[in-house]
1. Within segment 200-232, which residues are of a type in the set (A, V, I, L, M) and open to solvent by less than 10 Å² (accessible area, probe 1.4 Å)?
2. Can you confirm whether segment 191-213 contains a residue that is among the small types (Gly, Ala, Ser), closer than 23 Å to ILE96 by Cβ and assigned to a helix (DSSP H, G or I)?
3. Checking the condition open to solvent by less than 10 Å² (accessible area, probe 1.4 Å) and closer than 19 Å to ASP221 by Cβ, which residue from SER159, SER168, SER181 passes?
4. How many residues are exposed (fewer than 15 other Cβ atoms within 10 Å of the Cβ) and either among the charged types (D, E, K, R) or more than 24 Å from CYS194 (Cα to Cα) (or both) if we restrict to segment 253-264?
5. Exactly one of these conditions fails for GLY289: (1) at pLDDT 95 or above; (2) surrounded by fewer than 18 Cβ atoms within 10 Å (Cβ to Cβ); (3) within 26 Å of the chain's Cα centre (by Cα); (4) not hydrophobic (A, V, I, L, M, F, W, C). Give me its number.
6. With respect to SER181, determine if the residue is among the polar types (S, T, N, Q) and at pLDDT 95 or above.
7. Just checking, how many residues over segment 331-345 are more than 19 Å from the chain's Cα centre (by Cα) and open to solvent by 10 Å² or more (accessible area, probe 1.4 Å)?
8. For segment 234-246: of the residues being open to solvent by less than 50 Å² (accessible area, probe 1.4 Å) and over 20 Å from the mean Cα position of the chain (by Cα), which is nearest to THR74 (Cα to Cα)?
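The values are calculated or read from the model by the stated rules, or taken from the named source; none is laboratory data. Note that the structure is predicted; figures quoted are calculated from it, not measured. When we count neighbours, we look across all protein chains shown, and the Cβ atoms used for this are built from the backbone with ideal geometry, even at glycine. Side chains are part of the model used for accessible areas, which takes the heavy atoms of the whole protein and leaves out ligands, DNA and RNA. Shrake-Rupley method; radii C 1.70, N 1.55, O 1.52, S 1.80 Å.
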Amino acid sequence: MEQLPKEETIALREKLIGDQMAVLNTNNRFLHDNIVVCAQKIVSTLPNKLEVCFFVNSGSEANDLALRLAQIHTGHRDVITLEHAYHGHLTSLIDISHYKLNLPGGVGQKKHVHLALCPDSYRGRYRDNEYSMEEIGTMYADEVGDLCEKSTQNEGGVSAFIAESLLSCGGQVIPPKNYFSRVYEHVRRAGGVCIADEVQVGFGRIGKHWWAFQNYNVQPDIVTMGKPMENGHPVACVVTTREIADSFFNTGVEYFNTYGGNPVSCAIANAVFDAIENDNLMEQALIVGEYLLDSCQTLAKKHKQIGDVRGVGLFVGIDLVDDRDTRKANKECAQIVVQRMREERILVSADGPECNVIKFKPPMVFTKENVDEVVAMLDRVLTEVKHKERLDAKIKSLQNLVPAIIEEHSNKGQRPVRPIYKENIKSI
């Protein structure tokens, strides 16, 4: 079949969405073709056992439902989550989002929530300048195993381990390759289920696979997805196994979501799927992502403020530091970069526990030309920061000299004045 020109393809997608808006938009009590097609598209990208879809309106709703599924299926309540993680704005999710609960005005850590260390090999407890990546993955994963034992001994029982497959709010962290497989073993041995939060990192962003968890050769029990699924329109999804879905169904408590999976939302989600596949956006994410990573690593050779560059596909982070040896975070530099880039009409943000990691998660239509523009501007901004730091250092040096100069002159005192006697005064 001959492929339509790109402009005609886009027009056709827009027409399909517009036609659906004009015909019908109802709640999901009534089955319609769009929701069936959408579910088929989703499960075709996932491992075989992940076959039941629940449609919702947002990533937060998806993660909330995922916790509910896990707790009903296991009969346990405890949740293991990661430090610096964020999973959504609902009450149940703020409780497990260290990124929020740990703030001064946060809710604090609840009894049923267990925090595992963020598997950060650059600035976490176990670092790549001290251990191999395999050792780091094992040590971080075994921390989760310890929490599983703790939960079991306290008679709480693990219902779920939940984590983003790549940690976004934690600072664009790429877990070691062996991390998730070992974690999943610990969790399942304790009777819990494993939830992969793909809300930010799924839908082909990493280039090699549809889902970031597939980069780790693991199979979650529940997968949540949102954000890119709708390209700005409110639709999200939870996908799980038949066994877990049956546990949920057998409670007799019907699941219902008024607008989750409505005909218009699913028409849009289907159009997004078509765009990713037909426009080869996964391949583009892989190629352009590698180019972005290489360009940022080249930039690091020029600017000592860049301590680390890490990423997969179009998910890249630049860790800004005061000192490369100590890896001390440079939050001030990150703030300047974000502000100056915005002034130049380029939107980036800073994240991580110390807000010093510049995040790049551009649209999947991002091109190499876009990369060149962004990296050139970042080069210019970091050069400005370098000049500012030098100027600030000179000013500080001069400020430190001023008290010393004053003290030196004070110690010298005044030049002695020769006394004047009356006999030395001549009359005029």
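1. Listed by number, the residues that qualify are VAL201, ILE206, ALA212, ILE222, VAL223, MET225, MET229.
2. Among the residues of segment 191-213, at least one is among the small types (Gly, Ala, Ser), closer than 23 Å to ILE96 by Cβ and assigned to a helix (DSSP H, G or I), which makes the answer yes.
3. After applying the criteria, what remains is SER159.
4. Looking only at that region, the number is 2.
5. (2)
6. yes
7. Here the count works out to 8.
8. Applying the filter and picking the extreme gives ILE244.
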